[in-house]
1. Using just the helices of the chain, give the 222 nm mean residue ellipticity in deg cm²/dmol: DSSP H runs with n ≥ 4 each add -39,500 (n - 2.57), and the total is spread over all residues, rounded to 500.
2. Would you list the membrane-span-like helices of the chain, meaning whole DSSP H runs whose alpha-carbon atoms span at least 27 Å along their axis and whose mean Kyte-Doolittle value is at least -1.0?
3. Would you list Phe375, Phe315 from the most to the least accessible area, probe 1.4 Å?
4. Quick check for me: using +1 on Lys/Arg Cβ and -1 on Asp/Glu Cβ, what's the dipole size of the chain about its Cα centre, in debye to the nearest 20?
5. Quote the accessible area belonging to Ile93 in square angstrom, nearest 10, computed with a 1.4 Å probe and with ligands, DNA and RNA left uncounted.
6. Report Met256's accessible area, 1.4 Å probe, all protein chains in place, as a number in Å² to the nearest 10.
7. Could you calculate the FRET efficiency of Thr257 with Ala27 from 1/(1 + (r/R0)^6), where r is the beta carbon distance between them and R0 is 41 Å, rounded to 0.05?
8. Let me check something: with ligands and nucleic acids excluded, how do His169, His251 order by accessible area (1.4 Å probe), largest to smallest?
Amino acid sequence: MAAQSPTLGGSGLRLLLADRRIGVILAAILVTNLGYGMIIPILPIYAKSFGVSYGAIGFLISSFAIARLITDLACRQLVERLGYLRSVTFGVIVVSISSLGNAVAPSFDLAVAARFAAGLGSAVLFTALYGYLLAIARPELLGRTMGLFWGTFGIGSIAGAPIGGLLSHVFGLRAPLFGYAAMSAIAGLGFARIQRREIVIGFAPAPTDAGEATWRSTLRNPVVRTALVSNFASFWTWSAATITLLPLYAHRTLGMTPLAIGGAIALLGTAELFLLYPAGSWSDRVGRRRVLVPGLVSVAVLTAAIPLTGNRAVFYLLLIGIGLGSGLFGASVPSLLGTDGPVHSRAIAGYRFVGDLGFVLAPLSCAWLAGRSGFGWAYVLAAAPLLIAAVLVIRMPAATR
């Protein structure tokens, strides 16, 4: 891992914020994720309002990631043709239109179809954002760059979750979906305006595969393998434990309203945000492993303990602990790809693919298990991949830790 330059200790954040290219990325992720955060507290309950099973609820949530999963590997070519900024604009407009369709869907099947279409737009959006960020990030600031990126992502979720809960409380379950559509449209119009002013970020510095690079050689790299497994695990646990099981568990077992659930998710996100940027800085200074392992293990243990709670106070304390643990590994996991040299497009495509694979499989598996065997085993299943990722992190070559 590249050592931190001593001249960057106090100025790293200022250097990042002064880069207009990074500013464009942060604006996109803040606005779109504010809308996305609005639907987190209500999406499983909204699906349940159609009178479907827990398994069907998991399918609606997974449909978003299924769409991304089947397009992740192809998105790179589309983004290369459109350019980064045009791709971001295209992606958020598709998300906006699809979310509007979801809000007015008269049946569960049409709601799933609209959620699937939103996933297609999201695949283009995040391929452009994430690939460009890795391309322009300074190696000695990589952890902090990712911490700032995911911190902005978290701010959107934190602010959006209670807003979504409040909207659903006042205007009904579909109101946050209208809000998501509106926020995505605002982001799309904003980037279209930037294009008209010709402040266009091209695809020129994007990573490309060396002539001899293959999937086999890419996956042979132990750091890339660790990054892929860790990303799979983090998406698996997030989509299962937070997006799928938490609203259902809190609503059914603890009697919490969507408004209270939104507040609980905001509490988790606030705790994560508290450590996200500092943890990225620590990983730049002391190595990824020393920050990743405590985060992965602590989140796994605390997630598995959630169904053991019988009251809201303990539930909130566990969410705070999970948020702090997530903050430890939230910036370090994506930083792994840039730790061992130049980032090739196959590594980025694979990284996104396995993350969405976890997002697809986890809600389906854990929601089904919750309906069959209860929340206890479902939360254990939600947490287990994090421990596997921790083992791989420990076994990484010493030079890249």
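1. -26500 deg cm²/dmol
2. Answer set is 20-39, 54-82, 84-104, 108-136, 142-171, 175-196, 258-286, 345-373, 375-394.
3. Greatest to least solvent exposure: Phe375, Phe315.
4. Values: 29 positive and 12 negative charges, 48 e Å.
Charge dipole of the chain: 240 debye, to the nearest 20.
5. 60
6. 0
7. 0.80
8. His169, His251
The values are calculated or read from the model by the stated rules, or taken from the named source; none is laboratory data. Just so it is clear, the structure is predicted and the values come from calculations on it, not from any experiment. No Cβ is skipped: glycine too gets one built from the backbone with ideal geometry, and neighbour counts run over all protein chains shown. SASA here: full protein model, heavy atoms, side chains in, ligands and nucleic acids out. Shrake-Rupley method; radii C 1.70, N 1.55, O 1.52, S 1.80 Å.
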